[in-house]
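Every number in this text was worked out from the coordinates using simple rules, so none of it is lab data. Please read all numbers here as calculations on a predicted model, not as lab measurements. Here the Cβ positions follow ideal geometry from the backbone for every residue, glycine too, while neighbour counts run over all protein chains shown.
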Amino acid sequence: MKNIKDYNLEELKEQLVLLDEKKYRAEQIFKWIYVDKVKEFDEMTNLSLELREKLKENFTMCNYKILKKQESSDGTKKYLFDVLDGNAIETVLMEYHHGKTICVSSQIGCKMGCEFCASTGVKFVRSLTSGEIVEQILAVEQDIQDNISNVVFMGIGEPFDNYENVMNAVRIINNQKGLNIGARHISISTSGLVPKIREFADEELQCTLSISLHATNDDKRSKMMPVNRKYNIKELMDACDYYISKTNKRISFEYALAKDNNDNLEDAKELVKLLKGKLCHVNLIPINKIDNGKFVKSTNENIIKFRDYLNKNGIVATIRRELGSDIDAACGQLRRKKLENQEEE
Ligand code: SAH
């Protein structure tokens with residue numbers, strides 16, 4: 001059966017026509033799901049009984065069940081959802097002064113193999129459909145009985161390795177008749193799939209693009225992120241320049257600081273050279289240590305020195321506040337633990 005949340009509004013209209021129904025019914029259904037946030041077709045009371053039956057015969061609502069929920073002392077909540085086929089995905093909710101931000105997964109597992117990431121070493125299963133991405137938002141909103149204001153694609157998976165479904169999820173999230181979360185409140189993070197960065201630039205969306213950079217030369221970056229062997233830093237920077245010229249939007253470069261690996265002054269100098277003159281911002285992340293991880297978090301002193309060097313040299317840099325570290329909120333950690341426990345059982 002088809003998941004009704006996989007369709008954007010235009011596609012849903014086509015689905016209704018296929019069922020010999022009027023297109024405007026799609027708008028009513030869309031409102032029930034994304035504005036009124038109902039969970040069952042029977043709750044859509046302005047639809048005839050006959051139409052509700054038709055919908056039940058043809059579609060599922062794909063409502064997630066919470067397998068596990070952890071709450072941090074700082075308010076961060078981490079969810080493990082059953083995606084209804086026996087697989088589990090993680091979603092994190094963070095509270096900032098400007099609102100509630102949800103960090104969604106785009107795939108079950110990840111193929112990118114970054115050395116420092118908890119998703120590495122755990123098998124890749126499949127990409128999520130757009131409905132499965134969107135449902136993470138609805139399920140969390142239902143749990144907290146509140147609306148979410150920002151969405152970041154920084155959970156498990158590489159969003160640009162699931163490009164079409166991620167873009168369609170963005171259309172549903174962004175639609176004024178849907179979840180109505182403004183494109184400026186949606187961020188997509190990529191490890192650097194160059195052709196997709198260019199394709200994304202051509203969409204001319206107002207979403208924020210984040211690039212997981214983490215190192216400033218090919219030697220070091222290839223050791224941390226295998227994707228760099230396919231698309232090196234030069235190709236990545238060219239694609240970033242293309243994105244900036246097409247959209248006139250600032251790119252956010254993610255840089256996870258690991259002690260004695262990429263956190264000394266030489267690295268900061270190289271980073272300045274690489275980014276000088278670009279419309280960008282650097283997000284410094286104290287690296288989260290993962291089990292068996294080779295990387296250790298930089299000292300606070302080094303992190304601050306690194307930031308100050310960038311700022312003094314014309315690159316705007318901020319240190320990301322660490323949220324939820326007491327509940328393994330870093331991406332992939334909960335799913336990894338679940339799979340490890342299954343293996344032990
Ligand atoms: N695949 C995408 C999005 C998922 S990861 C990407 O690579 O951008 C979201 C962010 O968390 C990325 O910047 C990633 O590099 C970072 N990250 C992964 N593991 C981390 C860790 N152990 N510590 C700090 N940041 C980490």
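What does the charge count around residue 165 come to, taking other residues whose C-beta lies under 9 Å from its C-beta (Lys +1, Arg +1, Asp -1, Glu -1)? For residues surrounding residue 165, the net value is -3.
The DSSP beta bridges internal to the range 65-327 are antiparallel in roughly 45% of cases.
Each of 49, 213 has some number of other Cβ atoms within 10 Å of its Cβ, and from fewest to most they run 49, 213. Taking every alpha-carbon pair under 8 Å whose residues sit at least 6 apart, the range 65-327 reaches a relative contact order of 16 percent.
Among 144, 233, 211, the order by Cβ neighbours within 10 angstrom, fewest to most, reads 144, 233, 211. Determine the shape class of the range 1-93: with a ≥ b ≥ c the square roots of the Cα gyration tensor eigenvalues, call it rounded for a/c under 1.5, and otherwise prolate if a/b is greater than b/c, oblate otherwise. Verdict is prolate for the range 1-93. Restricting the trypsin sites (Lys or Arg not before Pro) of the range 227-277 to loop positions (DSSP other than H, G, I, E, B) with no more than 11 neighbouring Cβ atoms within 10 Å leaves 276.
Pairing the Cα long axis of helix 233-247 with the longest principal axis of the chain, what angle in degrees results, from 0 to 90 and rounded to the nearest 10? Helix 233-247 sits roughly 50 degrees off the main axis of the chain. Note on the chain: the alpha carbon radius of gyration divided by the globular reference 2.2 N^0.38 Å gives 1.03. Across the alpha-carbon atoms of the range 70-215, the computed radius of gyration and Dmax are 14.6, 42 angstrom.
The percentage of C-alpha pairs in the range 156-207 whose separation is greater than 14 Å is 52%. With respect to the chain, whose longest principal axis is taken over its alpha-carbon atoms, helix 333-344 is tilted by about 80°.
Net charge dipole, the chain: roughly 940 debye, given to the nearest 20, about the Cα centre with Cβ charges of +1 for Lys and Arg and -1 for Asp and Glu.
A simple count of charges around residue 279, restricted to other residues whose Cβ falls under 14 Å of its Cβ and scoring Lys, Arg +1 and Asp, Glu -1, yields +4. The angle between the Cα long axis of helix 49-58 and the longest principal axis of the Cα atoms of the chain comes to about 50 degrees, rounded to the nearest 10.
Ordering 181, 45, 283 by Cα displacement along the dipole of the chain toward the positive end leaves 283 in first place; charges were set at the Cβ atoms of Lys, Arg (+1) and Asp, Glu (-1). Arranged from fewest to most other beta-carbon atoms within 10 Å of their beta carbon, 128, 138, 80 become 80, 138, 128.
Greater than 26 Å separation of Cα atoms is the criterion. Which listed pairs, 5/230; 111/234; 39/123, meet it?
Details: 5/230 34 Å; 111/234 22 Å; 39/123 31 Å.
Beyond 26 Å: 5/230; 39/123.
Could you order peptides 51-57, 82-88 by the average number of other Cβ atoms within 10 Å of their residues, highest first?
Details: 51-57: 15.9, 82-88: 14.3.
With the highest mean Cβ count within 10 Å placed first, the list reads 51-57, 82-88.
Converting phi to 3J(HN,Hα) with the Karplus coefficients 6.51, -1.76 and 1.60 and the offset θ = phi - 60°, the range 113-125 yields x, 4, 4, 9, 9, 5, 7, 6, x, 9, 5, 7, 9 Hz in sequence order, with x at every glycine or proline.
Quote the relative contact order of the range 33-141 in percent (integer), defining contacts as alpha-carbon pairs under 8 Å separated by 6+ residues.
Across the range 33-141, relative contact order equals 18 percent.
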